[in-house]
Amino acid sequence: VQLVESGGGLVQAGGSLRLSCAASGSTFSINAMGWYRQAPGKQRELVADIRTGSGTVNYADSVKGRFTISRDNTKNTMYLQMNSLKPEDTAVYYCSADRLYGRSWGQGTQVTVSE
């Protein structure tokens, strides 16, 4: 599975961005997809994930009520709508796809939130 993220950028605090993750290859075997982020000097952390079968979603406490994860199965694309952005949301955001044999990662997209 190949994953390509897009939609990152620079935004002021309180603003919004929508990230996209386009999947290609053996997408039929994906059982879950997620968004992770990594800020400088910190470990990569889960932001949100979604089960492809049930549609069950899960969010980190820090983004609940502000971020929304979704997936368009017809386009093999996952989204992350980010509202009310804060400076602490600044990080490289990575898309992930879980299959039976392991996890694939995208190359990451930078999100920078200014004061």
Mind checking the stretch 63-115 for chymotrypsin sites (Phe, Trp or Tyr not before Pro) that DSSP puts in a loop (not H, G, I, E or B) and that have at most 16 other Cβ atoms within 10 Å?
101
I need the per residue convex hull volume for the stretch 29-94, using only the alpha carbons, in cubic angstrom as a whole number.
91 Å³
Using 0.36 nm times the number of residues separating residue 62 and residue 38, minus their current alpha carbon distance, what extension gain do you get?
7.3 nm
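I need the calculated FRET efficiency for the pair residue 88 and residue 31, taking r as the beta carbon distance and R₀ as 41 Å, to the nearest 0.05.
Details: r = 31 Å, r/R0 = 0.75.
Efficiency for this residue pair is about 0.85.
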May I ask you to work out the translational diffusion coefficient for the chain at 20 °C, viscosity 1.002 mPa s, via Stokes-Einstein with Rh from the Kirkwood sum over Cα pairs, reported in whole µm²/s?
153 µm²/s
Distance from the stretch 99-115 to the stretch 1-46 (C-alpha centre basis), Å:
4 Å
Setting aside same-chain residues fewer than 8 positions from residue 86, which lysines have a Cα under 28 Å from its Cα?
42, 64
Dividing the convex hull volume of the alpha carbon atoms of the stretch 1-56 by its residue count, what do you get in Å³ per residue?
115 Å³
Length gained if residue 114 through residue 73 is fully extended, taking 0.36 nm per residue and subtracting the Cα-Cα distance, is 11.4 nm
Separation of the residue 81 and residue 100 label points, Cα + 7 Å toward Cβ, nm:
3.5 nm
Non-local amide H neighbours of residue 67 (under 5 Å, H modeled in plane, Pro and chain starts lacking H): which ones?
83
Can you list the HN-Hα couplings for the stretch 40-45, worked out from phi with the Karplus curve (6.51, -1.76, 1.60; θ = phi - 60°), rounded to whole Hz and with x for Gly and Pro?
x, x, 10, 7, 5, 10
With charges only on Cβ, +1 for K and R and -1 for D and E, what is the dipole size of the chain about its Cα centre, in debye, rounded to 20?
180 debye
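Bear in mind these aren't lab numbers, they're just calculated from the coordinates by the rules spelled out. Note that the coordinates shown come from a computational prediction; the quantities given were computed from them, not determined experimentally. FYI the Cβ positions are ideal-geometry reconstructions off the backbone, even for glycines, and counts take in every protein chain you see.
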